[in-house]
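Visitor: Sharing a structure with you now.
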Amino acid sequence: MTELKRRFAKIERKTNETKIAVELDLDGDGKAEVNTGVPFMDHMLDLFIKHGLFDGKVIADGDTHIDDHHTTEDIGIVLGQVIREALGDKKGIKRYGNAFVPMDDALAQVVVDCSNRPHLEYRVEPALTQKVGTFDTELVHEFLWKFALEARMNVHVIVPYGHNTHHIIEAIFKALARAIDDAVQIDPRVKGVPSTKGLLT
């Protein structure tokens, strides 16, 4: 049996506002090392890695003395780039992924397509307006949009209901991880890339 090529990538990004280092193995077992300076994002990224069954490391140093915006946005950028690079030519992958995750009162569905056509559809009810700790929850959209753009994925996030803001966001991140894990699985029936165009890169 042919051994699968390791699907791993590591990227660092430095600006005047942030320094971000992300590495990710798509074929891991959930080992996470996360330290971003944004405690709520530490929690979300830790569970993202664990529920996606990736092995990952996310280290960030940003201007959190101003707010969490730049750090959260730039993590989304680099994480998207890392997943895109780790996927390589995408040969043999399932391409599409879908996950429903309940979290107590909240339900989230995330559907992804590793299509090379970035798009975020974000339908969260009720709209996130309250802070969780010191974290501005409007940054969830910012993170997801930049992630979808840099991963070059279609990402559809649907939350039909939920009362607790923490639960809603946690359900989204868990569902995102599980949907991506579903989409990047190798299907032995797929020859080349799963597209009639013959190209997903």
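The values are calculated or read from the model by the stated rules, or taken from the named source; none is laboratory data. These numbers were taken from a predicted model, which means no experiment stands behind them. Backbone-built Cβ (ideal geometry, glycine too); neighbour counts: all protein chains shown. Please note that ligands, DNA and RNA were not included when accessible areas were found on the heavy atoms of the full protein model with its side chains. Shrake-Rupley method; radii C 1.70, N 1.55, O 1.52, S 1.80 Å.
Visitor: Could you list, in sequence order, all residues of segment 147-190 that are more than 23 Å from residue 117 (Cβ to Cβ), out of contact with any helix residue (DSSP H, G or I) (no Cβ under 8 Å at 6 or more places or on another chain) and buried (at least 23 other Cβ atoms within 10 Å of the Cβ)?
Guide: Of everything in segment 147-190, those that are more than 23 Å from residue 117 (Cβ to Cβ), out of contact with any helix residue (DSSP H, G or I) (no Cβ under 8 Å at 6 or more places or on another chain) and buried (at least 23 other Cβ atoms within 10 Å of the Cβ) turn out to be 168, 171.
Visitor: Go through (1) without any contact (Cβ under 8 Å) to a residue 24 or more places away in the chain; (2) under 19 Å from residue 23 (Cα atoms) for residue 81 and report which single condition fails.
Guide: Among (1) without any contact (Cβ under 8 Å) to a residue 24 or more places away in the chain; (2) under 19 Å from residue 23 (Cα atoms), residue 81 violates only (1).
Visitor: What do you reckon, is residue 97 open to solvent by less than 40 Å² (accessible area, probe 1.4 Å) and out of contact with any Ser or Thr (no Cβ under 9 Å at 6 or more places or on another chain)?
Guide: yes
Visitor: Which residue is most open to solvent (accessible area, probe 1.4 Å), if the candidates are limited to segment 115-128 and must be at pLDDT 95 or above and either among the charged types (D, E, K, R) or more than 19 Å from residue 139 (Cα to Cα) (or both)?
Guide: Residue satisfying both the conditions and the ranking: 123.
Visitor: To continue, here is another question. Tell me, yes or no, whether segment 131-138 has at least one residue that is assigned to a helix (DSSP H, G or I) and open to solvent by 20 Å² or more (accessible area, probe 1.4 Å).
Guide: no
Visitor: Continuing with this model, one more query. Can you report the number of residues in segment 81-114 which are of a type in the set (Asp, Glu), in a loop (DSSP other than H, G, I, E, B) and either modelled with pLDDT under 95 or within 15 Å of residue 145 (Cα to Cα) (or both)?
Guide: 1
Visitor: Filter segment 63-94 down to the residues that are of a type in the set (A, V, I, L, M), surrounded by 20 or more Cβ atoms within 10 Å (Cβ to Cβ) and more than 23 Å from residue 158 (Cα to Cα) and list them by number.
Guide: 78, 82, 86, 87, 93
Visitor: Provide a single number: the residues in segment 25-57 that are acidic (Asp, Glu), more than 18 Å from residue 186 (Cα to Cα) and over 15 Å from the mean Cα position of the chain (by Cα).
Guide: Residues meeting the conditions: 1.
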